[in-house]
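Below: the structure, in structure tokens.
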Amino acid sequence: MDQIDLKILRYLQENARITNAELAERVGLSPTPCLRRLRRLEADGIIRGYRTEVNRDVLGLSVTVMILVKLEKEDEPSLRAFEEVAIRRPEIMECQLVTGKFDYFLRVVLPTLTSYEAFLSETLLRTENIASIESSFTLREVTKKAVLPSF
């Protein structure tokens, strides 16, 4: 990857709907070589997809919960079993295996506190091998960046 590839990535992260012609102009290429680079970045798995950012408050999904989960056992089958549960649940937006006192960090989005209580009692508390759960509710989103830092 060179500086032009990095520029392409930065502009696409800022606006994935940018036209190829505009992208090419911004990075200093003609459209055909720009599109060729873009396709290579996609084929190499550097660009994994394109998404639309949705205002979740407008959709009634205003509760965000950060959940730390500690498992009783941390062997590979136990980790896999928990991760399969996390992958299947649509309200779990992120599941990260982490180091430290807990094993997993979850970011969960729900419509209400009542729906969180249902998620907790019907999903997490019924999942085998969970030793403890610690939840924190987001009061306000201060920053959420879509563009990765460049070094």
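The values are calculated or read from the model by the stated rules, or taken from the named source; none is laboratory data. Please read all numbers here as calculations on a predicted model, not as lab measurements. In this analysis, Cβ positions are derived from the backbone assuming ideal geometry, glycine residues included, and neighbour counts consider all displayed protein chains. These accessible areas exclude ligands, DNA and RNA; they are computed on the full protein's heavy atoms, side chains included. Shrake-Rupley method; radii C 1.70, N 1.55, O 1.52, S 1.80 Å.
Quick look at the numbers
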read-out: Output for region 109-151, where each listed residue is β-branched (Val, Ile, Thr) and in a strand (DSSP E or B); value: VAL109, ILE130, ILE133
read-out: Top-ranked residue of region 124-142 - restricted to ones that are hydroxyl-bearing (Ser, Thr, Tyr) and touching a residue at least 60 places away in the same chain (Cβ under 8 Å), ranked as nearest to LYS70 (Cα to Cα); value: SER132
read-out: Of the criteria (1) at pLDDT 95 or above; (2) surrounded by fewer than 12 Cβ atoms within 10 Å (Cβ to Cβ), which one THR112 fails; value: (2)
read-out: ILE87 open to solvent by 60 Å² or more (accessible area, probe 1.4 Å) and either within 19 Å of GLU117 (Cα to Cα) or modelled with pLDDT of 95 or more (or both); value: yes
read-out: SER135, sole failed condition from (1) in contact with a helix residue (DSSP H, G or I) (Cβ under 8 Å, 6 or more places away or on another chain); (2) closer than 30 Å to GLN13 by Cβ; (3) open to solvent by less than 60 Å² (accessible area, probe 1.4 Å); (4) not β-branched (Val, Ile, Thr); value: (2)
read-out: Exclusive hit being open to solvent by 70 Å² or more (accessible area, probe 1.4 Å) and either in contact with a helix residue (DSSP H, G or I) (Cβ under 6 Å, 6 or more places away or on another chain) or aromatic (Phe, Trp, Tyr) (or both), set LYS73, LYS7; value: LYS7
read-out: Residue that is most open to solvent (accessible area, probe 1.4 Å) [pool: residues in region 32-70 that are more than 15 Å from the chain's Cα centre (by Cα) and basic (Lys, Arg)]; value: ARG36
read-out: Candidate set from region 12-60 (those that are hydroxyl-bearing (Ser, Thr, Tyr) and modelled with pLDDT under 95); member that is farthest from PRO149 (Cα to Cα); value: THR52
read-out: Flag for THR99 being at pLDDT 95 or above, out of contact with any helix residue (DSSP H, G or I) (no Cβ under 7 Å at 6 or more places or on another chain) and farther than 25 Å from ALA146 by Cα; value: no
